[in-house]
Amino acid sequence: MRIVKRLFVWTRNLFLLLVAASILPVVIYKYVPVHYTPLMFIRLYEKDGADGIDHRWTPIGQISRSMIQAVVASEDNLFMEHHGFDREQINRAIDEARKGRRLRGASTISQQTAKNVFLWPARSYFRKGLEAYFTLLIEWIWGKERIMEVYLNSVEAGTGIYGVEAASEAYFGKRACELVPEESALLAVILPAPRKMNPKRASAYMRGRQHHILSLMKKIAPVDMGYRYPGTSN
């Protein structure tokens, strides 16, 4: 019995230590800019560091409102309403998988942010379980505005390009605060496959998606976060 008790105490303490170790970085990143993510290092390793990292942290108040509206319209139109998970999209994905159709994404912006900042991109039930855990943590500790800010600054937007500030400079030669709706929608188009699509060489498919996102941006409620950069109205 003594051995069982010691094992129980050891397991309990280890569990509490792991929980504390996972909560600490979430609390830190509520206030500190996220300059590096696991995906950045993975991509560097895959390319042996040849491409480098183009990433510039930008406060959400210095990012065009149209960019926020575009990613919500494209990726997660219930972002302001759910608590990290879109049950309707999850149920649809499960239903389509049961019918043998191609697997579709059902991740919210919150889930994508949790994965981008704390985890790795490989698909597995273990990783998805950790993603759900960190999603709950950031929804609870960060709140919507911080989640959006970190998402827009950590999302992969091209080979070696991370965040909308670097993407805006690379593709349009301007600051993220200067993006117009058409440019924001085009950036939103590439986010699901950033290393396969390039706004400078937009295909007919990309233009079609761009117009679809622009129409959705007009239909969803405005998502206005952060202090507006002086002189911006998009």
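Okay, here's what the table says:
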item: Dipole of the chain, positive direction: furthest Cα of Gly143, Val72, Phe126, with charges on the beta-carbon; result: Phe126
item: Residues Arg87 and Ile23, FRET efficiency given R0 of 22 Å [Cβ-Cβ distance, rounded to 0.05]; result: 0.30
item: Radius 15 Å from Cβ of Lys30, net charge of other residues (Lys, Arg +1; Asp, Glu -1); result: -1
item: Anisotropy class of region 23-70 from Cα gyration tensor, a/c 1.5 cut; result: oblate
item: Spacing of the two label points (7 Å from each Cα toward its C-beta) at Ile53 and Lys218, in nm; result: 4.0
item: Over the chain: helical MRE at 222 nm, DSSP H runs n ≥ 4 each giving -39500 (n - 2.57), nearest 500; result: -18000 deg cm²/dmol
item: Tensor-based shape of region 10-50 (alpha-carbon gyration tensor, a/c under 1.5 rounded, otherwise prolate or oblate); result: oblate
item: Two-site FRET efficiency, Met80 against Arg12, from Cβ-Cβ distance with R₀ of 35 Å, rounded to 0.05; result: 0.40
item: Nearest-20 debye value, region 100-208 charge dipole, Cβ charges on Lys, Arg, Asp, Glu; result: 680
item: Percent of C-alpha pairs per 10 Å bin, the chain, short to long; result: 7, 29, 36, 19, 6, 3, 1, 0
item: Neighbour net charge for Trp142 - beta-carbon separation under 10 angstrom, K R +1, D E -1; result: 0
item: Peptides 178-189, 141-152 ordered by average Cβ neighbours within 10 Å, highest first; result: 178-189, 141-152
item: Residues of type lysines that Lys196 reaches as a straight line, Cα spacing below 26 Å, ignoring anything fewer than 8 places off in the same chain; result: Lys47, Lys115, Lys128, Lys174
item: Selection from Ala185, Ser203, Leu18 lying farthest towards where the dipole of the chain points positive, charges on Cβ; result: Leu18
item: Two-site label geometry, Trp120 and Tyr45: point separation in nm, points 7 Å out along Cα→Cβ; result: 0.6
item: Cα centre as origin, Lys/Arg/Asp/Glu Cβ charges: the chain dipole, Debye; result: 880
item: Packing rank of 120-132, 58-70, where each peptide gets the mean count of other beta carbons within 10 Å, highest leading; result: 58-70, 120-132
item: Local electrostatic count at Gln210 - Lys and Arg +1, Asp and Glu -1, tallied over other residues with Cβ under 15 Å; result: +2
item: Cα-based equivalent ellipsoid, region 127-222: semi-axes from gyration tensor eigenvalues, Å; result: 25, 16, 14
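No lab work stands behind these numbers, since they all come straight from the coordinates. Since the model is a prediction, treat every value here as computed from it, not as a measurement. As a convention, Cβ positions derive from the backbone with ideal geometry for all residues, glycine included, and neighbour counts pool all protein chains shown.
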